[in-house]
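Read the structure below first, then the notes.
Quick note: the coordinates plus some simple rules give every number you see, no bench work behind them. As the structure is a computational prediction, the values presented were derived from the model and not from experiment. Ideal geometry is used to build each Cβ from the backbone, glycine not excepted, and the neighbour counts take in all protein chains shown.
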Amino acid sequence: MQQLLLDIRPPARPELARFVAGRNVELMAQLQAMLDGSAAERMVYVWGAPGSGKSYLLAAWAHACRARGLDVDVTGFNAAQAVVADRVDAWDAAQQRAGFAAFNRVREAGGLWLAAGKAAPAELPVMPELQTRLGWGLVFQLHGLDDAEKRAALAQHAETLGFRLEPQVADYLLNHTARDMQSLLRVLEALDRFSLEMRRPITLPLLRQLLSGAGRR
């Protein structure tokens, strides 16, 4: 039997276009304005629950900055034209001091700063001076998509792939795979490729076959 094409792998590069905004439209507009050079505030902190997409969003924004020719630091510890600092809640004392110094240099130079953590600045387990700096700019809570928004996003992405996503297939995806949006989109794209390889329409039995085969890899 021909080996199943399970190719459920992460995209080679995070893209802002793949990030489903949902209730985060204001945040996405701010990040775009920072990229375009039209933002009045150039320092942003984002917080949200695990699985809400913080790390993907920061990586995608860093890539977008590089695509515009900006020098980007993704550690949060060095000054650059654009600095991306993920998981600041996990920084140790030395990292907090380095991040604090980098923030001051970036702000003074008029650079761009995007940081993320699991809690609002005042609730982060970091030194008070860094808490204050992270709250100086704009602070956004990153809202995860609810199930209805995820179904709508999956249906919309399926249309871009050239097929109509049946409700029972969307429900099965939500109930039997990782629930973060980027994982759901990767499985949907794998299902599309699997459908073409098997020359069968996209149905619930086909999805079950794909996932069953993925579990055996």
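When you check residue 119 against the structure, is it among the small types (Gly, Ala, Ser), within 18 Å of the chain's Cα centre (by Cα) and not in a helix (DSSP H, G or I), yes or no?
Criteria met by residue 119.
Output yes when any residue across the stretch 99-115 is of a type in the set (S, T, N, Q) and crowded, with 17+ Cβ neighbours inside 10 Å, and no when none is.
The first filter runs over the stretch 99-115 and keeps only residues of a type in the set (S, T, N, Q), leaving 104.
Filter again for crowded, with 17+ Cβ neighbours inside 10 Å, leaving none.
No, the conditions are met nowhere in the stretch 99-115.
Going by what's in this entry, would residue 101 be described as touching a Cys at 6+ places or on another chain (Cβ under 7 Å) and either more than 23 Å from residue 29 (Cβ to Cβ) or not β-branched (Val, Ile, Thr) (or both)?
no
Could you please find all residues in the stretch 64-86 being in a loop (DSSP other than H, G, I, E, B), within 18 Å of the chain's Cα centre (by Cα) and surrounded by 15 or more Cβ atoms within 10 Å (Cβ to Cβ)?
Scanning the stretch 64-86 gives 74, 76, 86.
Among 186, 208, which is of a type in the set (D, E, K, R) and in contact with a His (Cβ under 9 Å, 6 or more places away or on another chain)?
208
Just the residues that are among the small types (Gly, Ala, Ser) and either surrounded by 13 or more Cβ atoms within 10 Å (Cβ to Cβ) or within 24 Å of residue 57 (Cβ to Cβ) (or both), please, taken from the stretch 157-197.
The answer is 158, 170, 178, 183, 190, 195.
In this structure, does residue 200 turn out to be under 27 Å from residue 57 (Cβ atoms) and basic (Lys, Arg)?
no
Within the stretch 182-201, can one find any residue that is touching a helix residue (DSSP H, G or I) at 6+ places or on another chain (Cβ under 7 Å), among the β-branched types (Val, Ile, Thr), part of a helix (DSSP H, G or I) and closer than 26 Å to residue 54 by Cβ?
yes
Mind listing whichever residues of the stretch 87-98 are part of a loop (DSSP other than H, G, I, E, B), in contact with a strand residue (DSSP E or B) (Cβ under 8 Å, 6 or more places away or on another chain) and surrounded by 17 or more Cβ atoms within 10 Å (Cβ to Cβ)?
Within the stretch 87-98, no residue meets the criteria.
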